[in-house]
Amino acid sequence: MSLLLPEADGVADYAARRLPEADVLRYGSAGHDRLAGVTFYCLPYMGSAASVELIGRLPRLAVVQSLSSGVDDVLAAVPPRAVLCNGHGLGHEDGTAELAVTLILASLRQIPWFAAEQARRAWSHVRTGTLAGQRVLLVGYGAIGAAIEQRLTPFGVHVSRVSRTARPGVSGLADLVALAAAADVLVVCIALHPATRGLVGREVLAALPDGALVVNVARGPVVDGAALTGELASGRLRAALDVTDPEPLPPGRPEWTLPNVLLTPHIGGDTMDFARRAPVFVFEQAKRHLAGLPLANVVRPAVS
């Protein structure tokens, strides 16, 4: 049995040191002749389409380990015989929640504009918005949504919640348009799923009040990109986007230069804390696999 692991953040080296009995191969440098024996494959974090395509060329593959919380881009490529595990617990939730709050504050307080003025050595005083008293709608209320609310609460915001599963304090998706009409800030933090693709579409965006802020820290396709671009180009809405559709955002897209848009390149869960945790987690998963023990974070079990 061989383990195919990424070199980034020392993942492969950490496992090789602690599993001297294992055949540890490094993604990107292992010869094709050695891939036939791979039974455990950890995808590179934020890897390319090629890293996912490689799954189909590993005939003995039994475990696919993702370092991301979301596995929507991997699921279809995993053969039935293999277990799929995600990276829940590696700090993605905390990092993404921190970024969501950062994007909200930076947008409301116009930090990008002030940074541009600093570059011009211009002392330009303008009055900005504030987070206190804002009506925030969380679209998605799993671990990330709850972590965002926890961080927003001390600012004195009014939070409403909507998710695929309605429960006390959390509305169902059928109420999204009505809730959007009463939101100053809409935060997309719901997993990409057939039921959520294009969820924040024209009707939802049109329901938002003039000047509302759309924040997306989930997946780009949850938001109708064309509909959002139209609202942003008109100046009616603002946006702070850590994810786009497609990614990377093509150079010709207007979001790059619109003054009411703040962009970050999908950095939500990619923190130093994640980098410290990832090697230990992958080693522990690989050790369980080699010993025939149950794996953690199973998203989809093998189908015999």
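FYI, it's all coordinate maths here, none of it is from the lab. Just so it is clear, the structure is predicted and the values come from calculations on it, not from any experiment. As a convention, Cβ positions derive from the backbone with ideal geometry for all residues, glycine included, and neighbour counts pool all protein chains shown.
Couple of notes before you dig in:
- Using C-alpha pairs under 8 Å with a sequence gap of at least 6, the mean separation divided by the residue count of the chain gives a relative contact order of 19 percent.
- In region 215-254, one over the average inverse separation of all distinct C-alpha pairs is 10.4 Å, which is the Kirkwood hydrodynamic radius.
- Cα-based values for region 92-263, radius of gyration first and Dmax second, are 15.5, 51 Å.
- Evaluating kT/(6 pi eta Rh) at 4 °C and 1.567 mPa s, with the Kirkwood radius of region 87-140 over Cα pairs in the Stokes-Einstein relation, gives 97 µm² s⁻¹.
- DSSP beta bridges in the chain [antiparallel fraction, %, rounded to 5]: 10 percent
- Stokes-Einstein diffusion for region 42-174, with the hydrodynamic radius set to the Kirkwood value over Cα pairs and evaluated at 37 °C in a medium of 0.692 mPa s, equals 181 µm²/s.
- Sequence of ASP13, ASP245 once ranked by neighbouring C-beta atoms within 10 Å, starting from the fewest: ASP13, ASP245
- Selection from LEU293, LEU61, PRO154, by position along the positive dipole direction of the chain (Cβ): LEU293
- Fewest-first ranking of PHE274, PHE155, using other Cβ atoms within 10 Å as the exposure measure: PHE155, PHE274
- For ARG135, the residues whose amide H sits under 5 Å from its own are HIS158, ASP184, VAL185, ignoring neighbours fewer than 5 places away on the same chain, with H placed 1.01 Å from N.
- Charge dipole magnitude, Cβ of K and R +1, D and E -1 - the chain, Cα centre, debye nearest 20: 220 debye
- For the peptides 50-58, 235-243, the ranking by mean Cβ contacts within 10 Å, running from highest to lowest, is 235-243, 50-58.
- Whole-number percent relative contact order across region 161-202, with pairs defined as alpha carbons under 8 Å at least 6 apart: 22 percent
- The chain - mean residue ellipticity at 222 nm from DSSP helices (-39,500 (n - 2.57) per run, n ≥ 4, rounded to 500): -8500 deg cm²/dmol
- Scoring 68-76, 216-224, 97-105, 27-35 by mean Cβ neighbours within 10 Å over their residues and listing the highest first yields 216-224, 97-105, 68-76, 27-35.
- In sequence order, calculated HN-Hα J values of region 44-49 (Karplus, 6.51, -1.76, 1.60; Hz; x Gly/Pro): x, 5, 6, x, 7, 4
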